[in-house]
Amino acid sequence: QVQLVESGGGLVQAGGSLRLSCAASGIIFSDNRMGWYRQAPGKQRELVATIGVSGATNYAEAVKGRFTISRDNAKNTVYLEMGSLKPEDTAVYYCKSENYFSSDVAWGQGTQVTVSS
């Protein structure tokens, strides 16, 4: 059964924009810190951005000023708006939840983002 489902990935030209969505089910969404991570073949998975239960955000230095994370608790959905995309942003992007009270963690299956030169 799937609890976190990413969507919005695809092929985009350098300099373009893309919006990823992650729809959650089977969790109390508002109790969870949400995050986006990415991984390219042969590389470690890395943090992209997080948003806490309070709405506080955190970004990797590589994406600051270009990406924006947000959440809509009424829709049980977290978003990642990606702008000024670069080829080095190419990766599989994963959604993660972490329960603030229990520390239970869940991961989505990922969505491919490919940025062409």
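The values are calculated or read from the model by the stated rules, or taken from the named source; none is laboratory data. All values derive from a computational prediction rather than experimental measurement. As a convention, Cβ positions derive from the backbone with ideal geometry for all residues, glycine included, and neighbour counts pool all protein chains shown. These accessible areas exclude ligands, DNA and RNA; they are computed on the full protein's heavy atoms, side chains included. Shrake-Rupley method; radii C 1.70, N 1.55, O 1.52, S 1.80 Å.
General remarks:
- Filter result for Asp72 (exposed (fewer than 15 other Cβ atoms within 10 Å of the Cβ), out of contact with any Pro (no Cβ under 9 Å at 6 or more places or on another chain), modelled with pLDDT under 95 and of a type outside the set (Lys, Arg)): no
- Test: Ser117 is more than 15 Å from Gln3 (Cβ to Cβ) and free of Cβ contacts under 8 Å to residues at least 12 places away in the same chain: no
- Among residues of segment 1-48, those that are open to solvent by 50 Å² or more (accessible area, probe 1.4 Å) and of a type in the set (D, E, K, R), counted: 5
- Filtering segment 67-103 to residues that are in contact (Cβ under 8 Å) with a residue 60 or more places away in the chain and part of a loop (DSSP other than H, G, I, E, B) leaves Gly83, Ser84, Leu85, Lys86, Tyr100, Phe101.
- First in segment 13-28 and under 14 Å from Ser84 (Cβ atoms), second anywhere and assigned to a strand (DSSP E or B) and open to solvent by 70 Å² or more (accessible area, probe 1.4 Å), Cβ under 7 Å, 6 or more apart: Arg19/Glu81
- Residues that are more than 17 Å from Ser117 (Cα to Cα) and either touching a residue at least 24 places away in the same chain (Cβ under 8 Å) or under 16 Å from the mean Cα position of the chain (by Cα) (or both) within segment 29-42 comprise Phe29, Ser30, Asp31, Asn32, Arg33, Met34, Gly35, Trp36, Tyr37, Arg38, Gln39, listed in sequence order.
- Taking segment 49-62 as the range and being within 17 Å of Asp89 (Cβ to Cβ), open to solvent by 40 Å² or more (accessible area, probe 1.4 Å) and either among the acidic types (Asp, Glu) or touching a strand residue (DSSP E or B) at 6+ places or on another chain (Cβ under 7 Å) (or both) as the test, the residues that pass are Tyr59, Glu61.
- Filter pass, Leu80 being surrounded by 20 or more Cβ atoms within 10 Å (Cβ to Cβ), of a type outside the set (D, E, K, R), at pLDDT 95 or above and touching a Phe, Trp or Tyr at 6+ places or on another chain (Cβ under 6 Å): yes
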